[in-house]
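The values are calculated or read from the model by the stated rules, or taken from the named source; none is laboratory data. Everything quoted here is computed from the prediction, not taken from an experiment. FYI the Cβ positions are ideal-geometry reconstructions off the backbone, even for glycines, and counts take in every protein chain you see. These area figures cover heavy atoms from the full protein model, side chains too; ligands, DNA and RNA do not enter into them. Shrake-Rupley method; radii C 1.70, N 1.55, O 1.52, S 1.80 Å.
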Amino acid sequence: MRIAKSIHSASGPGICVGHAGQWFALSDIKGYQDVTRISELVRDDADLRSLTESIERQAAELAPARPDFEHAATIVDPGSDIWGAGLNYRRHSEDLESEQPRSGPGSYLRPANCLIDNGGYIELPRQSGRVTAEAELGLVIKTRCKNVDRSEWRSVVAGVTAVLDMTAEDVIRENPRHIPWAKGFDTFCSVGPVLVTLDEFSDADLASLRIATVRNDETVAAATPADMKFGLDRLVEYFSAGRTLEPGTVICTGTPGAVPLGAGDTVRAVVEHVGTLTHPVRKDEAHPQEIQRPATHSEGG
């Protein structure tokens with residue numbers, strides 16, 4: 001099944017679901033009119049079966065929807081955590097002239113206010129002179145979980161999606177401790193436009209998905225999860241270790257390569273058989289030439 005937030009109405013974006021090659025507005029399906037969070041639909045396999053059965057039972061009464069994926073709302077539910085895995089592909093670690101971590105991936109937790117909908121502008125902040133974009137595969141957690149063994153990772157993941165992740169690269173080159181700050185600017189993350197449930201992919205299918213970072217129609221970097229240092233199973237185990245992941249949590253699994261952005265560029269994250277995110281880029285016009293960073297001090301920490 002495919003799920004998106006891409007039907008815009010007076011009350012905001014609604015949820016639509018794709019089944020058997022057709023899309024339907026969730027608000028048209030009896031029993032689901034009040035559902036507003038994707039995480040409510042994918043809590044377990046029984047929920048998905050119930051939704052599928054409802055669609056099939058009501059199909060004759062449902063009008064097909066025509067969602068606009070080029071301007072789809074992010075699939076991230078309000079308030080959900082967004083975890084990121086850093087340096088999980090060798091090429092990206094080489095780009096940053098950094099050694100890949102050995103015991104687990106580089107990691108960060110980013111604020112929800114950095115999210116934008118598909119098609120929205122990426123704003124280049126005046127606090128950075130080099131912003132890069134990175135295509136990634138995202139995992140969406142479906143059930144409250146903690147200390148998940150890697151062998152059980154599929155049991156807690158609802159599905160996969162595309163991610164476009166931005167970084168103030170000059171900031172982290174100056175000091176790697178600044179990673180969360182360098183990734184938390186407004187407009188610095190896009191997730192969607194579609195969540196594809198995990199039942200559509202075998203492990204082999206997932207390992208062969210092509211993930212590409214594309215700028216101005218040129219593919220700058222591409223790879224598959226088979227090239228990850230830490231696989232999808234290990235990432236779920238790692239991020240759930242000692243902490244509770246709530247339904248709707250997104251795990252960004254790392255990028256095959258980043259590309260620097262300039263005003264006027266268009267950048268895409270393309271995940272084969274899953275979805276494409278496309279974003280134009282512009283500068284912060286209030287201070288287009290000025291690079292300003294917070295004052296730094298000598299405290300430890």
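Pairing residues of the range 65-90 that are more than 13 Å from P105 (Cβ to Cβ) with residues that are of a type in the set (A, V, I, L, M) and part of a loop (DSSP other than H, G, I, E, B), at Cβ distances under 7 Å and at least 6 apart in sequence or on separate chains, gives I82/V76. Does G242 satisfy the criteria of being touching a residue at least 40 places away in the same chain (Cβ under 8 Å), open to solvent by less than 20 Å² (accessible area, probe 1.4 Å) and not in a strand (DSSP E or B)? No, not satisfied. Filtering the range 180-231 to residues that are under 17 Å from V140 (Cβ atoms), of a type in the set (A, V, I, L, M, F, W, C) and not in a loop (DSSP other than H, G, I, E, B) leaves C189, V191, V194, L195, V196, L198, L206, I211. Selection of first residues in the range 179-195 that are free of Cβ contacts under 8 Å to residues at least 40 places away in the same chain and of second residues that are crowded, with 24+ Cβ neighbours inside 10 Å and part of a strand (DSSP E or B), restricted to Cβ pairs under 9 Å at least 6 apart or on distinct chains, gives the following pairs, ordered by first then second residue: W181/A168. For the range 135-176, the tally of residues that are touching a residue at least 40 places away in the same chain (Cβ under 8 Å) and open to solvent by 60 Å² or more (accessible area, probe 1.4 Å) stands at 9. Scanning the range 249-260 for residues that are closer than 19 Å to A158 by Cα and surrounded by fewer than 22 Cβ atoms within 10 Å (Cβ to Cβ) yields a total of 0.
When the residues of the range 10-52 are filtered to those that are in contact (Cβ under 8 Å) with a residue 60 or more places away in the chain and of a type in the set (K, R), the one that is most open to solvent (accessible area, probe 1.4 Å) is R43. Selection of the range 177-215 for residues being crowded, with 21+ Cβ neighbours inside 10 Å, polar (S, T, N, Q) and within 18 Å of M228 (Cβ to Cβ) yields only T213. Could you look through the range 263-272, keep only residues that are free of Cβ contacts under 8 Å to residues at least 60 places away in the same chain and assigned to a loop (DSSP other than H, G, I, E, B), and pick out the one that is least open to solvent (accessible area, probe 1.4 Å)? Checking each candidate, the answer is D265. Of the residues in the range 53-64, how many are part of a helix (DSSP H, G or I) and either in contact (Cβ under 8 Å) with a residue 60 or more places away in the chain or not charged (D, E, K, R) (or both)? Looking only at that region, the number is 5.
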